[in-house]
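The values are calculated or read from the model by the stated rules, or taken from the named source; none is laboratory data. Source: prediction; values computed, not measured. Here the Cβ positions follow ideal geometry from the backbone for every residue, glycine too, while neighbour counts run over all protein chains shown.
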Amino acid sequence: MWNLFSSANDISASQVIKKIDDGWRPYIIDVRSRGEANQTGVMKGTKLIHPHGKIAEKRKELPRDRDILIICRSGARSSVALNKLKAIGFENDSLFNLKGGIKAYARAGGAIKRL
């Protein structure tokens, strides 16, 4: 079945874990609310931007010289946020959407911390 939120920018949880283990240090944006993020935890170094529609307003705070990994609970809201960044000129090759979101990352054994 075709997924409306699937894109070439999707990256699996296992790929993220391997890349981080190999030294990858993306700028991590979590588009969940603080309460939602507190329930399931976040990746180390995460910047919360909620709601995901505000990501364009925060563009001046976001780095243009490094990869950006965008996450949410399941990967849907983060995909929308990623497309907003593309639309305002962020480099496609430096944007990544965590497919399956923080849930998939936790299931794959990714390190999560509480806020």
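Things worth noting here:
- Scanning the stretch 101-115 for residues that are in a helix (DSSP H, G or I), touching a strand residue (DSSP E or B) at 6+ places or on another chain (Cβ under 8 Å) and touching a residue at least 60 places away in the same chain (Cβ under 8 Å) returns 102, 104, 105.
- So residue 12, is it closer than 21 Å to residue 92 by Cα and either crowded, with 16+ Cβ neighbours inside 10 Å or at pLDDT 95 or above (or both): yes
- Filter pass, residue 7 being free of Cβ contacts under 8 Å to residues at least 24 places away in the same chain and under 14 Å from the mean Cα position of the chain (by Cα): no
- The lone criterion from (1) out of contact with any helix residue (DSSP H, G or I) (no Cβ under 8 Å at 6 or more places or on another chain); (2) in contact (Cβ under 8 Å) with a residue 24 or more places away in the chain; (3) outside any loop (DSSP other than H, G, I, E, B) left unmet by residue 60 is number (2).
- Exactly one residue among 82, 95 is surrounded by 18 or more Cβ atoms within 10 Å (Cβ to Cβ), in contact (Cβ under 8 Å) with a residue 24 or more places away in the chain, out of contact with any helix residue (DSSP H, G or I) (no Cβ under 7 Å at 6 or more places or on another chain) and not polar (S, T, N, Q), and that residue is 82.
- Summed over the stretch 29-74, residues that are buried (at least 20 other Cβ atoms within 10 Å of the Cβ) and among the small types (Gly, Ala, Ser) total 1.
Quick grid of which residues meet (1) over 15 Å from residue 98 (Cα atoms); (2) part of a loop (DSSP other than H, G, I, E, B):
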site	(1), (2)
8	no, yes
19	no, no
28	no, no
36	yes, no
47	no, no
50	yes, yes
53	yes, no
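- Only listed residue being on the phi < 0 side of the Ramachandran plot and in contact with a Lys or Arg (Cβ under 7 Å, 6 or more places away or on another chain), chosen from 19, 58, 44, 54: 44
- Criterion (more than 15 Å from residue 47 (Cα to Cα) and outside any helix (DSSP H, G or I)) met by exactly one of 93, 65: 65
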